[in-house]
1. For the pairs LYS29/LYS54; LYS75/LYS157; LYS29/LYS146; LYS24/LYS54; LYS29/LYS135; LYS60/LYS135, flag any whose C-alpha to C-alpha distance is greater than 20 Å.
2. At a probe size of 1.4 Å, how large is the accessible area of ARG143, to the nearest 10 Å²?
3. Give me the percent of the accessible area of the stretch 16-70 that comes from carbon and sulfur atoms, probe 1.4 Å, all protein chains in place.
Amino acid sequence: MFYIAWEVEGILRILVDADACPVKEIIIKVAGEMDIPVVMVMDTSHDWQCEGVKVITVDKARDGVDIALINLARKGDVVVTQDYGVAAMALGKGLRALNQNGLIFLPANMDKLLFERHLGQKIRRGGGRTKNQKKRTQTDDERFEKALRHVLGEVLKDQREVASDVDPSL
């Protein structure tokens, strides 16, 4: 389906921090409808395959998936991650990023999110507890799908505008 296109320069791809990603199937469905290649990056503790999806498996080192995903990323890609650090690096490369709950990461919200992550880590290191995530619902999936379609639409629109600036016949 999209396997060859994932490496063609200039083609929008969805890169997924896939280790604990609960929305893989939604990503694949939306990508299939929009003819967008998907690259799932995961570590060796996961054995997951899907026809038409490029799966890249990396060693189980600390931050191994995160580093591999960011190294693969190029201008125009969309990153799906629940890791604020990965999202911050994606934004730093000029990419669009969102999490599994449909939160679209933006420069305007990144400082606050990274600070909250820092506070949570500090509390846990001190022996404290932070709130547990609630069970995923159908509403969460719907919110993610809506946000994914929105971000992909924006990126495709931006790419068309850039192409029309280069070639007005487009």
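1. Numbers: LYS29/LYS54 15 Å; LYS75/LYS157 14 Å; LYS29/LYS146 12 Å; LYS24/LYS54 12 Å; LYS29/LYS135 22 Å; LYS60/LYS135 26 Å.
Too far apart for the 20 Å limit: LYS29/LYS135; LYS60/LYS135.
2. 110 Å²
3. Using a 1.4 Å probe with all protein chains present, the stretch 16-70 comes out at 46 percent carbon and sulfur.
The values are calculated or read from the model by the stated rules, or taken from the named source; none is laboratory data. This one's a predicted model, so the numbers in the text were calculated from it and none came from an experiment. SASA here: full protein model, heavy atoms, side chains in, ligands and nucleic acids out. Shrake-Rupley method; radii C 1.70, N 1.55, O 1.52, S 1.80 Å.
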